[in-house]
Structure formats: C-alpha cells, structure tokens
Amino acid sequence: MPELPEVETICRALKKTLPGRKIERILVRDPRLRWPVDETRLRQLVLGQKVVTIDRRAKYLLIKFEQESTLVLHLGMSGRLLLLTGSPPFEKHDHVIFYLDDNTELRFRDTRRFGMVDAVAPGGLETYPRFINLGVEPLAPETRPEALFEKSRNWKKPIKNLLMDGNFMVGVGNIYASESLFYAGIHPKKASNKLSKKDWAKLFRSIQNVLNQAIEKGGTTLNDFVNSNGEAGYFQLLLAVYGREGEKCHRCKSVIERYVQVGRSTYFCPGCQSL
Ligand SMILES: [Zn+2]
C-alpha cells in the first residue's frame, strides 16, 4: 500500500510536469472504484481545466485547476498513476484516463480498486467529507510539536498507537512509527500523556527525518513513469529497528526485540528505549 512518502514523491513528480497542462478529454473505462467515479461531475469540474498546482493532504493527491476546482485522487491499496506518451494499449485495470493538451495522458490504474477519483467544486475542500477527520500533517510547516504535546494530553493509549491513528496524525504507518520512536528514544508502549514537551520535540523531529529520508530515497527511482507500488521507499530506507529482531542495535549493541501491539509487529531497542 502506498504510504505518505510514496504519495509525496508522486506529488513532487507531478508538480514538475502537470502545471500549465489542460485536460482535453476524460475517459472513464470503469467507474467501479472504492467509491463509484462520478463521470458527469468529473466533466463538469475538470474537463477543459488548466492545472495550476499539485498538493497532498494525507495520502490524497490534489490536482488544482485555474478555475479553483480540484481533482482528488487516492491510490488505495494498489493504485498507480502513470504519465504516458503515445497512448499505449490499455491494460485491464486502467480505469480513468485524463488526456492532456501536450499529447500525454494521466492514467489511473488500480487492480484492487480501493482507490478513488473525485472532483471537488471551488471552495469545497474545506468541507470535503473525507478530509474532515484527518489528523495533522507531520511535514506541514505549520505543525508544531508544542501543539502535539497539548493534543496528546487526553490520550492514555501507547504512543505508537497514537502516532498511527490517522485522526491524530496522518501518514505515520507501522514502520515509520517504530523507526521514529527509536530515534527519539521513546518506548512504543509509553502512555501518550506521559510524554513531556521535550519528548515531543525529539519525536516530532524524528518523524520528520524518517519521512523525509523515505521521500528522498523514493524520489531517486522516478522518471517519466510515475510508479507507486508502495515498496521502493521502504526497501531503500535504512531501518534501525524495524525487521531487525534479534540483531544488535547500532547505537548501544542491545538486542532488538519485537512484540505485537494492536495486531502489528513492533520493534524496539530495550537499551535505547526504556519504559
Ligand atoms: Zn539501542
């Protein structure tokens, strides 16, 4: 499943190519995605529109147009966005195609169909139902660790679970949560409301570093083919604890341990992350 760094990588790649392009034609080959694609709505809000910029909110890609409507895309479990030239033959799971004015096309391909393609009218993003309950963006400049400290006061659940709760913060999946907690020296089971302001400052910095490292690595595999199998970022990330059960910590030489927390493998160093 594509994680936040993969989506951010795609966002940055699209930012280099799409602005200034106009959507000349839309083809919906199959509307049956997680939510049915509303072709009429797409035509009304996206057809003939010129792209101004690309943004990201959580794992949603936002393609914004001159007339202030927005195309919202989510890759779900297996979605891919392909920027193609020369109209190669369709593959079975090419569901929606946006033809651009420079003879390229943006194809939404999704074998498992958990993805989403939707259009939002000007001014509609503020109240867009799928965005209302999203937590804070870990990479947004306006996100401050002090605010996370305040926000976490009401939560007794383990900090790792809070980090992975999309209503609290978006984009911190299982691997990123384990890695960030290691770098911050915080035990994954520590009660969220027991973290000090200093803990949050360290943790927030770690989260940003881990995500940014993954984005950097992800970016190197991209060219004109915008790929998102969700794995490249992981495998190229230097993992400090995740997947290293029984191996030695690079910092203190303690043996990395693993246990299951809310159904997910959690890795930590008992030497660096005491409870
Ligand atoms: Zn250690």
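Quick look at the numbers
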| read-out | value |
| --- | --- |
| Integer Hz, Karplus 6.51/-1.76/1.60 couplings in order for segment 26-36, x for Gly and Pro | 10, 10, 9, 7, 7, x, 7, 9, 3, 10, x |
| Measure of compaction for the chain (Cα Rg per 2.2 N^0.38 Å) | 1.09 |
| Rounded accessible area per residue of segment 29-99, 1.4 Å, Å² | 48 Å² |
| Charge tally in the Cβ shell below 15 Å around residue 126, where Lys, Arg are +1 and Asp, Glu are -1, residue 126 excluded | +1 |
| DSSP-loop GluC sites (Glu not before Pro) across segment 141-170, with at most 15 other Cβ within 10 angstrom | 142 |
| Equivalent ellipsoid dimensions for segment 99-209 as semi-axes, Å, which come from the Cα gyration tensor, largest first | 33, 17, 14 |
| Accessible-area ranking of 8, 66, largest first, probe 1.4 Å | 66, 8 |
| 29 Å Cα-Cα threshold exceeded, pairs from 151/253; 15/92; 160/217; 59/156 | 151/253 |
| Accessible surface ranking that places the most exposed of 93, 187, 250 first, with a 1.4 angstrom probe | 250, 93, 187 |
| Accessible-area ranking of 253, 22, largest first, probe 1.4 Å | 253, 22 |
| Radius 10 Å from Cβ of residue 55, net charge of other residues (Lys, Arg +1; Asp, Glu -1) | +4 |
| Other-chain or far-sequence residues with amide H under 5 Å of residue 53's (modelled H) | 64 |
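The values are calculated or read from the model by the stated rules, or taken from the named source; none is laboratory data. Treat the numbers as computed from the prediction; the structure is a model and nothing was measured. Using ideal geometry, Cβ is built from the backbone for each residue, glycine included, and neighbour counts are taken over all protein chains shown. Side chains included, ligands, DNA and RNA excluded: accessible areas come from the protein's heavy atoms. Shrake-Rupley method; radii C 1.70, N 1.55, O 1.52, S 1.80 Å.
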